[in-house]
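Peer 1: Okay, handing you the structure first.
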Amino acid sequence: MLDQASGLRKMNNTNQIKVIAVSGGKGGVGKTNVSLNTSIALAQQGKKVLVLDADLGLANVDVMLGLRVKRNLSHVLSGECELDDIIIKGPAGINIIPATSGTQSMVDLTPSEHAGLIRAFSDMQTKFDVLIVDTAAGISDMVLSFTRAAQDVVLVVCDEPTSITDCYALMKLLSRDHEVFKFRVVANMVRSPKEGQQLFGKLSKVTDRFLDVALDLVAVIPFDENIRKSVRKQQAIVEAFPDSPASIAFKGLASKIANWPIPNRPSGHLEFFIEQLLDND
C-alpha cells in the first residue's frame, strides 16, 4: 500500500499556494472564460499560475485557447507519466493541467489512484503561487469536491433566473453539507456596473433570507463584444483586446485575488486541498 501521508507531508513546503475554485452551477455563464482570463491576468502581474481543468469529460480550457493536448490527467492516474509531463504552457506562461476526456469522477478513484494523485502533486517540479480550479457546470459530486476543498470559492453568475437559482442551490449544498460559508461572487456579462450591483442584490436577498453565508461581490464583468471575437480567435480577451472593458475588469479581479490572504489553518495548504478533494466521507 502506498503511503499517502508521506506524499502529503512532502507537500508541506508548498503550503503558500492560493487555491481558488471557480464555479457557478449553471452552464453558459462564462465560467471558463472568467477562470482563464483571470489566470492570464494574474500571470501578467507576475504570479506563477496553474490552471486545473476540472471539467472532466469536457476538456474546455485547451479547446478555448487552441492548445494541443497529447496527454491528460488519466495518463497520470494510470502511471504512464508524471504530472509535470502533461502540463501545457498557455498564454503569459500559465500552466494548464488538462482534464481527463473520460467521465470518471475523481471522487470515484481507487485507493491506489488516490495515493497516486497525491504523490503526483507532491512530486511536481513545476512551482506555482496560485492554483485556479475550473470546475464543471452543474452541481455534481465532482463540483462539490473541488469547491469544498479550495480556500476561496468564486461563483460566476449572470442576470438570468436559472443562473441565480443554480448559484443559490450550490451555496445551499456547500453551506449545509460541507461547511463552506464564504463565497466570492463575479457578476458576469452585465450591461452596466449598476446592473452588476442589482444582480448581486438579488442573490444576496435570497441568501440573507434562507442561508447563513457571507457573500462578497469581487468583480463586475461587462458584456463585451470583444469576448466573442477573442473566442473565435481562440485567444483570451486580456491578450487579444487588453484595453477592452472586460479585460480591464479581469485585471482588476486578478489584482484583488493577488491580495487575498492565504489562511494559516490547514486549508491554506495544497496537501489539504488534495486530501479534501479525495476524502469520500
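Peer 1: Once you place label points 7 Å from the Cα toward the Cβ at residue 162 and residue 202, how far apart are they in nm?
Peer 2: 1.4
Peer 1: Note down the nm distance, to one decimal, between modelled labels 7 Å out along Cα→Cβ at residue 255 and at residue 85.
Peer 2: About 4.3 nm, to one decimal.
Peer 1: Quick one: check the C-alpha center-to-center distance for segment 115-145 versus segment 172-217, whole angstrom.
Peer 2: Using only Cα atoms, the two centres lie 24 Å from each other.
Peer 1: Given a cut-off of 32 Å, name the pairs among 127/172; 89/202; 127/202; 205/229; 205/256 whose C-alpha atoms lie farther apart than that in the structure shown.
Peer 2: As for pairs spanning more than 32 Å Cα to Cα, those are 127/172; 89/202; 127/202; 205/229.
Peer 1: Moving to a separate point now. Under the classification rounded if a/c is under 1.5, otherwise prolate if a/b is larger than b/c and oblate if not, where does segment 125-220 fall, given a ≥ b ≥ c as square roots of the Cα gyration tensor eigenvalues?
Peer 2: Oblate is the answer for segment 125-220, as a/c is 1.5 or above yet b/c matches or exceeds a/b.
Peer 1: While we're here: Would you mind calculating the gained length between residue 71 and residue 214 on full extension (0.36 nm times residue separation, minus the Cα-Cα distance), in nm to one decimal?
Peer 2: Extending this stretch completely gives an extra 47.5 nm.
Peer 1: Using Cβ counts within 10 Å as a stand-in for footprinting exposure, how do 40, 20 rank, fewest first? Intermediate values should be presented prior to the final figure.
Peer 2: Numbers: 40 27, 20 21.
So the ranking, lowest neighbour count to highest, is 20, 40.
Peer 1: When only alpha-carbon atoms count, how far does segment 180-274 stretch along each of its three principal axes, as whole angstroms with the largest first?
Peer 2: 41, 35, 21
Peer 1: Next question. By the scheme Lys and Arg +1, Asp and Glu -1, what is the net charge of all other residues having a beta-carbon under 10 Å from that of residue 152?
Peer 2: +2
Peer 1: How do 148, 71 line up, fewest other C-beta atoms within 10 Å first? Provide the component values of the computation, followed by the final result.
Peer 2: Working: 148 19, 71 14.
Listed from fewest to most nearby Cβ atoms, that is 71, 148.
Peer 1: Would you list 84, 212 from fewest to most Cβ contacts within 10 Å?
Peer 2: Going from sparsest to densest Cβ surroundings: 212, 84.
Throughout, read-outs are computed from the coordinates displayed, never taken from laboratory work. Computed from a predicted structure; not experimentally measured. Quick reminder, even Gly has a Cβ in these numbers, built from the backbone with ideal geometry, and neighbours come from all protein chains shown.
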